Every structure is written in C-alpha cells, then in structure tokens.
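Asker: So that we are looking at the same thing, I have put the structure below in structure tokens.
The values are calculated or read from the model by the stated rules, or taken from the named source; none is laboratory data. Source: prediction; values computed, not measured. Positions of Cβ are backbone-derived with ideal geometry, glycine not excepted, and every protein chain shown enters the neighbour counts. The protein model used for the area step is the full one, side chains on, heavy atoms only, and it has no ligands, DNA or RNA in it. Shrake-Rupley method; radii C 1.70, N 1.55, O 1.52, S 1.80 Å.
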Amino acid sequence: MKIAVCIKRVADSETRVKIAADGKALDEAGVKFVLNPYDEFAVEEALRRKEQAGSGEVVVVALGPAAAQETIRAALAMGVDRGVLLQVDRIPADGLVVAQALAAELKDGGYDLILCGKMAIDDYNHQVGPMVAELLGLPCVTSIAHLELQGNTGVAEREVEGGIEVCEFPLPAVLTTDKGLNEPRYPALKGIMAAKKKPLDIKPTALAVGGLEVLAMTPPPDRKDGRIVGEGVAAIPELLRLLREEAKVL
Amino acid sequence: MTAVLAVLEQRDGALRKVSHEVVTGARRLADAGSGTVEALVLGGGTVSGADQLGRFGADRVTTATHAALGRYTPEGYTRVVVERVRARQYDAVVFPASATGRDLAPRVAARLGVPLAADVTDLGIEGGAIWATRPVYAGKALLKVKLLARPALLSLRPNVFTPVERPRAAAAETAKVDVPERGGRVVVREIKAAAAGALDVAEAPIVVSGGRGLKEPANFRLLEELARAFGGKAAVGASRAVVDAGWRPHADQVGQTGKTVSPTLYVAVGISGAIQHLAGMRTSKVIVAINRDKDAPIFKVADYGIVGDLFEIVPRLTEEIRKLHA
C-alpha cells in the first residue's frame, strides 16, 4: 500500500499570538513550531495501514519554509519512509494555492491513499484536503474519526452535527483525519536516529498568485473586564439577575 | 449590483437553523452592494421552510430536487452547486461552515478555481472589493482578507450571523438537476443519530462546559442536568484535559484542537482556562465561570464569575434555571 500524507508546520497551540511588524502575520520570534496535531493522526493512520498490509511506502509532503524540514523529520521519526518539502518562503493564506502545489506533486505518485489533517490549527482553513481531491479527481471523505479498508473499498465515519455519517468510498481516495481516529505514537530514540538518514527531497516551489489578499491581522477585540459576582451558592440570585437584566441572555 | 448565492442546508427534508444564518449573512453582503440574494436548496423532495426564506431576505429561492440529493453526497452536491454558479454570474457564493459546508465549499472552490474564505465572522464590501474577517489561531487573532476572484466564496461560522427578518417577496424557481443516480463515488450509507435532542457544541445557543474540576467522568451528570434545565437549547462541552483523559467524547472538546464556539451563553465549570481553551470560546457573547480558584485565568475572560465549590453551586443553579423555564 502506497500512502502519501500532507503535513504542515504550525505554531504550537500554547503560543501566545503576537502580530508581526507588517501587521499581516504572526510574529514568529520565540514561537515553538510543531507538526500540526491533526496531521499526526494522518501520519499515524498511514503507518498503521502500511504495517497491516505488511508492505508499502509512506511518504510525507509538506509545503513550507526551509525550517519545515524539522517537521518532516518528526514524521520520519514516527516511521514514515521518506519526505518531500515543497519549499516556499511563506505559506500563502489562499488554501487553493497550497492545494494546487500539493496536487501537482502527488498527481503521478500512484498513491492508494492520500491523507491530510482535517485542518491546520494556525489558519483554520479546513479546505486543503478536499481541494486536493477535487484537483486530482479523487473521491474524498473529510474529518474521519473511524476507518475500515477492505480491498479497494473503504468505510469511514465522520462527525456531523447531532450524528455520525457513515461513508463508503472506493480507493484511491483522499481522506482528512479528525481527533479520535487513533492515538499517534511517540517517536522512539531509534526512530529519531533513523530519521536523520531517511531521504528528504527539497524542491524549490513557485506558487500561483492566488486570489486572496491579506489586508490585516489584528488581535481579537478585548472582552469587557469581567467581575466576580460573589462566592458560593449565595451568589446565584445575583448571577441570574445579571444574566437576565444586564446581559439579557436568559 | 452584487449578486449573492446562498447555499443552504437541510436534513430530513427540513432546513437547518444555520440556513437562516447564511441567508442573513448573504443579505448583509448583498445590501452592501445594493444587490440580490438567491437561496439554493438541494433536497430529495419538498424541503419545509424553503418557501419562507423571503422572510430572511432571499429575493429568489431556487430548489434542486433529485432522489440522490436527499442526503448530502459530496460529489452530487458539488456538481449541482458548480453548475448553478456557472450558469449565472454571481459575485459571491456563501455557505455555512457546518460539517457539510466545510466539506462542500472547498470542493466547489477547487472546481471553480477560486479561493475560499472559511469560517467567516464578518464581511462587507469596500471600494468594490468583497472582504471577510475570519478567526485564525482559534481566535487568538483575526485575519481580514480581500477576495480578488469572482465569484468570492465564503463559509460563515455558525451562531455568528443571527437571523434577522428582512421580508422580501421571494420568487421561486426550480433548477435543472443532472446528477448520477447514486450521487457519486462517495456514498453516505447511514447517519447514526446521537442521543435524541443532543445539540452540537458548535451550534448550540448555550454551552455548559466542564474541566478537570469535575474530578471524575460520572460528575458530568451535573452538567448534563444543567444543560437540560435550559430546555433543549444547551449542549455539554469539555476541556482538552478531560477529553484526553477519555472522560468525554472528542466531538465535545472546545479549544484550539477542538471546536471554536460562539454561543450566546458559555458556562465554564471547573475549567481553569488554558490559553488553547480560552481561544476556542472567547467569542461567546456572555461567559460565566464557576471555579474554586479565584486566580484561575478563566475569570479574566468571564463576564460573570462565581468562586466556590461547583458541587454545591451547579445543582442549585440547575434548580433555579429549571424554575425559570417551568
């Protein structure tokens, strides 16, 4: 089984966001970068499928700056066979531009499965996976939390409001992964050592211009200073009065 | 004249609440450009509520009806929406950023070769250009973008565009539908329903969330009772700590690696307020926190806080809320 996983280098979820001098992006100084948590589920799933099949290859593809080599090495340390970095100066805000570059790389790869995290925790775009599928003309199920494969057919479950959708699809396919699909492994020391010697192909990549222009990144509006209504059950009547009369939400 | 297409969502033949929000957002955009709103409803038969969309500001309601469109199918729906968009000149196409909209909108964008501004919380027109604001880093920052391509595709975050009645005399139209009998290669075999009446935390008008302060999974019963006291309007959410500990399902997690929510009322119980949790709920309209530690970070974002033992406070609060709804 040959599987590709699209991964992204993102700022860790504990990051306190400061805005860069240009007013349009994150100030990266002192920020810790990690493999996007939703992509970890995709990497883990790919490794398990290859292990179950007993043979095959798992390839990660990342679009990002030179520093994304570290992110690829993290995936290689988990057990991925090789990595490709589509190197750009800056990851564009337009998800379609990212999807076009990834699709061009994946097009002739002969993959049975292409996995992506359902979204990245930085731009919250929720779109690159299904766009890659459309560009490649492949069937796609997004945000899956359960997967069964049998021969050339798969069944995946995805959460929808108030329920779980059970989707059947043929391979090859693109799937995007949600929390709950699996528990990603921690790389063992042996894996970390081996990762240093695994192939990592760096391809300088020219991106399409795209149709989304970033005007500004701003901090969210400050919330009004809150107040402690009181202590213990004695504060409940006052809380209810405030919710009713001041906030008008009851 | 800004022509806006609002792609709506139905389940089991009834429009979902988020559909009214999408018409409302589309109306706001159309009004900014003195334009019109067309609502597109895909379904397997008559969709109840479709004939009422004029109330929320639709100038035209187009229905696409086919046996294969009763349930969402990625390929069938994509095809119908793309054909409609290609047949007309729209300046913008607006989707809900629901589970279905998040699946559908990117496919339509890729097919049309135009960008998608996802999870939008504000929108408008400036100097002839459509702009949108969307939270990034789970709401730790807002990104304002300009959409240069036509049509501009946007998906709207649930619970943000409160439906307003803007009555219009909506004309009805039936769209030609050309989809394969099965709707595509991906087939939805079934929808396993969650517990009856269960609301999704991302869409519920009220969210009652619990964290480690609940001490053990069984104590979430207290929050479920509080949620029920709100009379079917509340969902129970959870912090990452308790989801990772296996106390609550992943679908309930609020925060940067879970769901970002914007309910009218968010009640945080026994949640200290880690930065990634605060990011996921700070756009709630009103936040109430109940915590025994008066220095907990959650009190910095809470409009109203009560310091004390949740095991005493929550049952009493539940009783009082129940009385209000009795």
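Asker: Here are the criteria: (1) part of a strand (DSSP E or B); (2) more than 20 Å from residue A:203 (Cα to Cα); (3) modelled with pLDDT of 95 or more; (4) not acidic (Asp, Glu). Tell me which single one residue A:133 does not satisfy.
Answerer: If we test residue A:133 against (1) part of a strand (DSSP E or B); (2) more than 20 Å from residue A:203 (Cα to Cα); (3) modelled with pLDDT of 95 or more; (4) not acidic (Asp, Glu), just (1) comes out false.
Asker: A follow-up question, please. Could you pull out the residue among B:72, B:90 that is under 22 Å from residue A:161 (Cα atoms) and part of a loop (DSSP other than H, G, I, E, B)?
Answerer: B:72
Asker: Looking at the range A:95-133, which of its residues are charged (D, E, K, R), touching a residue at least 12 places away in the same chain (Cβ under 8 Å) and over 23 Å from residue A:26 (Cα atoms)?
Answerer: A:105, A:107, A:112
Asker: In addition: For the range B:195-218, which positions are within 21 Å of residue B:274 (Cα to Cα) and assigned to a helix (DSSP H, G or I)?
Answerer: B:212, B:213, B:214, B:217
Asker: In the range A:46-68, how many are buried (at least 18 other Cβ atoms within 10 Å of the Cβ), in contact with a Lys or Arg (Cβ under 9 Å, 6 or more places away or on another chain) and not in a helix (DSSP H, G or I)?
Answerer: 6
Asker: Which of (1) modelled with pLDDT of 90 or more; (2) within 25 Å of the chain's Cα centre (by Cα); (3) not in a loop (DSSP other than H, G, I, E, B) does residue B:192 not meet, given it meets every other one?
Answerer: Failed condition: (1).
Asker: Right, next: Which one of the conditions (1) among the acidic types (Asp, Glu); (2) assigned to a loop (DSSP other than H, G, I, E, B); (3) crowded, with 18+ Cβ neighbours inside 10 Å does residue A:183 fail to meet, given that it meets all the rest?
Answerer: (3)
Asker: Looking for whichever is within 16 Å of the chain's Cα centre (by Cα), closer than 21 Å to residue A:154 by Cβ, open to solvent by 10 Å² or more (accessible area, probe 1.4 Å) and aliphatic (A, V, I, L, M) here; the options are A:98, A:128, A:43. Which one fits?
Answerer: The unique qualifying residue is A:128.
Asker: Quick check, is residue A:91 within 14 Å of chain B (Cβ to nearest Cβ), among the hydrophobic types (A, V, I, L, M, F, W, C) and touching a strand residue (DSSP E or B) at 6+ places or on another chain (Cβ under 7 Å)?
Answerer: Yes: the conditions hold for residue A:91.
Asker: Further, regarding this structure: Quick one: which residue in B:138, B:204, B:149 is within 14 Å of chain A (Cβ to nearest Cβ) and on the phi > 0 side of the Ramachandran plot?
Answerer: Exactly one of B:138, B:204, B:149 is within 14 Å of chain A (Cβ to nearest Cβ) and on the phi > 0 side of the Ramachandran plot, namely B:138.
Asker: State all residues of the range B:301-326 that are open to solvent by 70 Å² or more (accessible area, probe 1.4 Å), within 7 Å of chain A (Cβ to nearest Cβ) and not aliphatic (A, V, I, L, M); if no residue qualifies, say none.
Answerer: Residues satisfying the conditions are B:312, B:316.
Asker: Restricting to the range A:1-38, name every residue that is of a type in the set (Asp, Glu) and in contact with a helix residue (DSSP H, G or I) (Cβ under 8 Å, 6 or more places away or on another chain).
Answerer: A:14
Asker: Identify, please: which residue in the range B:223-233 is within 14 Å of chain A (Cβ to nearest Cβ) and open to solvent by 20 Å² or more (accessible area, probe 1.4 Å) and is, among those, nearest to residue B:262 (Cα to Cα)?
Answerer: Of everything passing the filter in the range B:223-233, B:233 is nearest to residue B:262 (Cα to Cα).
Asker: Considering only residues that are within 14 Å of chain A (Cβ to nearest Cβ) and either out of contact with any Lys or Arg (no Cβ under 8 Å at 6 or more places or on another chain) or of a type in the set (Gly, Ala, Ser) (or both), which ones fall in the range B:163-193?
Answerer: Scanning the range B:163-193 gives B:180, B:182, B:183, B:184, B:185, B:186, B:187, B:189, B:190, B:192, B:193.
Asker: Ok, one more. Looking at (1) hydrophobic (A, V, I, L, M, F, W, C); (2) open to solvent by less than 70 Å² (accessible area, probe 1.4 Å); (3) at pLDDT below 95, which is the one condition that is false for residue A:195?
Answerer: It fails just one condition, (3).
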